[in-house]
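Structure first, then comments.
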Amino acid sequence: MVLLHVLFEHAAGYALFAVREVEEISLLLPQVEESILNIGKFHSVVRLVAFSPFKSAQSALENVNAISEGILHEDLRLLLETNLPAKKKKALLGVSDAKIGAAVQEELGYQCQTGGVVAELTRGIRLHFHTLVKGLTAQSASKAQLGLGHSYSRAKVKFNVNRVDNMIIQSISLLDQLDKDINTFSMRVREWYGYHFPELIKIVSDNYTYCRLAKCIGNRKELSEERLEGLEEIVMDSAKAHAILDASRSSMGMDVSPIDLINIESFSSRVISLSEYRRDLQEYLRSKMSQVAPSLSALIGEVVGARLISHAGSLTNLAKYPASTVQILGAEKALFRALKTRGNTPKYGLIFHSTFIGRAATRNKGRISRYLANKCTIASRIDCFSDVPTSVFGDKLREQVEERLAFYETGEPPRKNLDVMKEAMVEATEVAAEIKKKEKKKKKREKKRLEALAVAAAAEEAENSVLETTMEVEENDTQPKKKRKKQQQETSLEENGLAEEPLPKKQKKLAQEEPPQPDKKKKKKKVKEED
């Protein structure tokens, strides 16, 4: 008879349960489902064989990482080897994860089962775990789960902050959205201000410049030669500025009320601020790309590289893609349409926006896109898995693409990839050494700065303590001598343990009111002397 054991991984530790009458249970799955909710019935189905608690939070995290990767940890191996039957043919182990089951079967030789009755039993064990294990409460179990969940999440997201590609994904998405919004708003300004000054649309084509002019000019009737310098600053062309001035004098536009002009100007200023923010965002994206993916940005440009990373989901995902996928990334609809209709598949996707494909001849566009996708894949892998990111490889790959373009046009043979990569490796090692030196110097400076701050803080504390002592000494000097003597006597008595107990208020008053009575013996002596 095969005995079924169920392995359950909890935040508190590993638990091994034995299932009674496995053959009958496997046939009666609905009854098992009903018994899960009733703790009494479930106790008759399952009994605890062994429980191995984790020694510390660190060991719990190590075990969870091993389980998630499908690796058999030493703690789990020890539990299974000591508690499962020696005859492996008679033992069947039920596990919730197929990966860990495969690892157990490969390393220990026990047969493993997932799904079906095992899944239902695991659900019941999870529900009643704190009652099945002695000394474990529901509160402590939930605390262990919460703590392990937090530590596991922290370990998963622990990486270099400067190399986060999430910021690039958000930046490029925002950049695309801003482009659409600025274009829409600019068209609205053109249409709105065009009622008043329609000739300006033909003179100025740029949206940003048009919005600045609309804000500057305002009422076209008030435009004079005195404001010609301001127009030249905006347009950067004296001929255009004179053309605007002439057009304002003979314009066919309608008159606009002051309140309408105020609204147009305020809306124009909003569009101008959005355009300026878009420029700043592009600079931020450029700096981020130089930190996260310098080779990819050097090869194909910051914006196209960021779009590739955004479309792939992350730099790691992009690095895992083959060159054929990178080539048509962004043209998925066209690809599936071509496969469905049995037409020609697309030659390029997002990489079409790079300058190389535009410069290539029509018959060479497919070839250069394939070659460029290959180099993009290499660049993304270098950026993803290199310790010190540099743009050396990106520059060399860009040179190779340029040589390939020249080869298609003139027939001049390009350099071999091996020679180019050897040169790149030599340069990259030099650059990496320089970067490491700079980082060391930066760390030393930071250390010195912290030490100086610590010394300054210690000096301040010493000065404060000296000031406090001097203040105390001055207070003591200002007190009268009698009071000082009294305080010294009190302190000496307190040190010796002979300090008088404080009297109640009533007794103090009586003691103050009663005059001191002379001793009777002294009186008698005085009488005798008089006699």
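The values are calculated or read from the model by the stated rules, or taken from the named source; none is laboratory data. Values in this document were obtained by computation on a predicted structure and should not be read as measured data. Note that each Cβ is placed from the backbone with ideal geometry, even for glycine, and that neighbours are counted across all protein chains shown. Surface accessibility is based on the protein's heavy atoms, side chains included, excluding ligands, DNA and RNA. Shrake-Rupley method; radii C 1.70, N 1.55, O 1.52, S 1.80 Å.
Brief remarks follow.
- Restricting attention to segment 327-346 and to residues that are in a loop (DSSP other than H, G, I, E, B) and open to solvent by less than 50 Å² (accessible area, probe 1.4 Å), the residue that is farthest from A424 (Cα to Cα) turns out to be G343.
- Taking segment 204-242 as the range and being hydrophobic (A, V, I, L, M, F, W, C) and farther than 25 Å from M187 by Cβ as the test, the residues that pass are L228, A239.
- When segment 388-421 is filtered for residues that are more than 21 Å from S297 (Cα to Cα) and either assigned to a loop (DSSP other than H, G, I, E, B) or among the basic types (K, R) (or both), the ones remaining, listed by number, are G411, E412, P413, P414, R415, K416.
- Residue within segment 127-138 that is among the basic types (K, R), without any contact (Cβ under 8 Å) to a residue 24 or more places away in the chain and open to solvent by 60 Å² or more (accessible area, probe 1.4 Å) present: yes
- Segment 202-217: number of residues that are open to solvent by less than 30 Å² (accessible area, probe 1.4 Å) and either of a type in the set (D, E, K, R) or under 18 Å from S273 (Cβ atoms) (or both): 5
- Test: residue in segment 231-238 that is surrounded by 12 or more Cβ atoms within 10 Å (Cβ to Cβ), out of contact with any helix residue (DSSP H, G or I) (no Cβ under 6 Å at 6 or more places or on another chain) and of a type outside the set (D, E, K, R): no
- Per this entry, S324 is counted among residues that are open to solvent by 50 Å² or more (accessible area, probe 1.4 Å), under 15 Å from L372 (Cα atoms) and hydroxyl-bearing (S, T, Y).
- S151 part of a helix (DSSP H, G or I), farther than 15 Å from F8 by Cβ and touching a residue at least 12 places away in the same chain (Cβ under 8 Å): yes
- You will find that of V117, V133, V161, the residue that is of a type in the set (A, V, I, L, M), closer than 27 Å to I36 by Cα and at pLDDT below 85 is V117 and no other.
- Single residue of segment 44-60 satisfying the filter (free of Cβ contacts under 8 Å to residues at least 60 places away in the same chain and out of contact with any strand residue (DSSP E or B) (no Cβ under 8 Å at 6 or more places or on another chain)) that is surrounded by the fewest Cβ atoms within 10 Å (Cβ to Cβ): S56
- A residue that is closer than 11 Å to A379 by Cβ and either surrounded by fewer than 16 Cβ atoms within 10 Å (Cβ to Cβ) or among the hydroxyl-bearing types (S, T, Y) (or both) occurs nowhere in segment 299-318.
- Residue within segment 292-304 that is in a loop (DSSP other than H, G, I, E, B) and in contact (Cβ under 8 Å) with a residue 60 or more places away in the chain present: yes
- So L274, is it in contact with a Lys or Arg (Cβ under 6 Å, 6 or more places away or on another chain), surrounded by 15 or more Cβ atoms within 10 Å (Cβ to Cβ) and within 30 Å of S314 (Cβ to Cβ): no
- Flag if K143 is open to solvent by 40 Å² or more (accessible area, probe 1.4 Å) and either under 30 Å from A241 (Cα atoms) or modelled with pLDDT of 85 or more (or both): yes
- The criterion of being surrounded by fewer than 15 Cβ atoms within 10 Å (Cβ to Cβ) and more than 27 Å from the chain's Cα centre (by Cα) does not hold for I264.
- Yes/no for E199 being at pLDDT 90 or above, touching a Ser or Thr at 6+ places or on another chain (Cβ under 6 Å) and either more than 17 Å from E276 (Cα to Cα) or not basic (K, R) (or both): yes
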